[in-house]
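The values are calculated or read from the model by the stated rules, or taken from the named source; none is laboratory data. All of these numbers come straight from a predicted model, not from anything done at the bench. Every residue, glycine as well, gets a Cβ built from its backbone with ideal geometry; the counts of neighbours run over all protein chains shown. In case anyone asks, the SASA skips ligands and DNA or RNA and just uses the protein heavy atoms, side chains included. Shrake-Rupley method; radii C 1.70, N 1.55, O 1.52, S 1.80 Å.
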Amino acid sequence: MGPHAASRPLTLSEQADELEEKMMNELNDKIATKSALFSMADGNLDYVGGAELQARNPGKYFLMGADPRLPKMPEKPTLIDFFKHRFVSMNHLLQSAALALKAGHDEKVVLACLLHDVAVAGFIRCDHGYWGAQLIEPYVDEEVSWAVRVHQALRFFPDESIGYKYPDMYVKYFGPDYQPEPYIVEEYKRARSHKYYMTARLICVNDIYAFDPDAKVNLDDFVDIIGRNFKQPKEGLGFDNTPSSHMWRTLMWPTRFL
Ligand SMILES: [Fe+2]
Ligand SMILES: [Fe+2]
């Protein structure tokens, strides 16, 4: 029997204390902190400074490494490790890549499809094409990262030549009157005449929106393509001193104090 087995229900503050205690135990007595962006996602700009946070948790230090509530990452993480331990949804990426593979597209296109929504799966949704491209840029052919960046804009514009229509899903998600912002329109215009236009367009064509419960997809099917087309750093993603290493580290340690 727990400490509250007595008849009376817990007060709100007791519930909060219990939750906090449980979290602390899971955290090995460290204080995990939320970045400003995480709080904004809950609609608030509250800021609690380090001194106050620590005063509320006497005798505790701040978490400065791995968050024990999240799956453990190996010392030298690979892209596959991030897929397995950090990306919250893989199915959409795997199904899109499987479709591209089945259609006979080359490996760069398949990889672009596999990684096109990597930011949605593991990082930040807003401007996901740009974040995703930035994450992978040091490790893939420029054709792949370019395509990932602009697929976000291209999704909003049809291309009859390849049978791509404005997605019904977008009407459902954003309403029939939604118009993309000017920066997206500009991105689209620039992309139209770019040498890698068709690669980005093929991401859109293979972008699956309806989840197919019968589709048999497995990350193992793409391990070789990743091996040939994603330059896995020997130090591990995050420890290789590229312009996006810090982003991989943040993904690995999202609640570090600094
Ligand atoms: Fe996308
Ligand atoms: Fe997608």
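Structure above, values below:
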quantity	calculated
Close pairs (7 angstrom Cβ cut-off, 6 or more residues apart or separate chains): touching a residue at least 60 places away in the same chain (Cβ under 8 Å) in segment 138-157, away from ligand 2 (no atom under 16 Å from the Cβ) and hydroxyl-bearing (Ser, Thr, Tyr) anywhere	138/242; 138/244
Where residue 203 falls short, out of the listed (1) away from ligand 1 (no atom under 16 Å from the Cβ); (2) in contact (Cβ under 8 Å) with a residue 40 or more places away in the chain	(1)
Odd one out for residue 144, checked against (1) modelled with pLDDT under 95; (2) open to solvent by less than 10 Å² (accessible area, probe 1.4 Å)	(1)
Output for segment 102-125, where each listed residue is away from ligand 1 (no atom under 14 Å from the Cβ) and in contact (Cβ under 8 Å) with a residue 60 or more places away in the chain	103, 105, 107, 108, 109, 110, 111
Qualifying residue in segment 69-82 (condition: open to solvent by 60 Å² or more (accessible area, probe 1.4 Å) and modelled with pLDDT under 95)	yes
Meets criteria (over 18 Å from residue 104 (Cα atoms), open to solvent by 20 Å² or more (accessible area, probe 1.4 Å) and in contact (Cβ under 8 Å) with a residue 40 or more places away in the chain) for residue 230	no
Any chance residue 90 is hydrophobic (A, V, I, L, M, F, W, C), touching a residue at least 60 places away in the same chain (Cβ under 8 Å), open to solvent by 50 Å² or more (accessible area, probe 1.4 Å) and within 16 Å of ligand 1 (Cβ to nearest atom)	yes
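Conditions (1) open to solvent by less than 30 Å² (accessible area, probe 1.4 Å); (2) part of a helix (DSSP H, G or I); (3) within 30 Å of residue 223 (Cβ to Cβ); (4) touching an Asp or Glu at 6+ places or on another chain (Cβ under 8 Å), marked per residue:
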site: 48; (1), (2), (3), (4): no, no, no, no
site: 54; (1), (2), (3), (4): no, yes, no, no
site: 58; (1), (2), (3), (4): no, no, no, no
site: 96; (1), (2), (3), (4): yes, yes, yes, yes
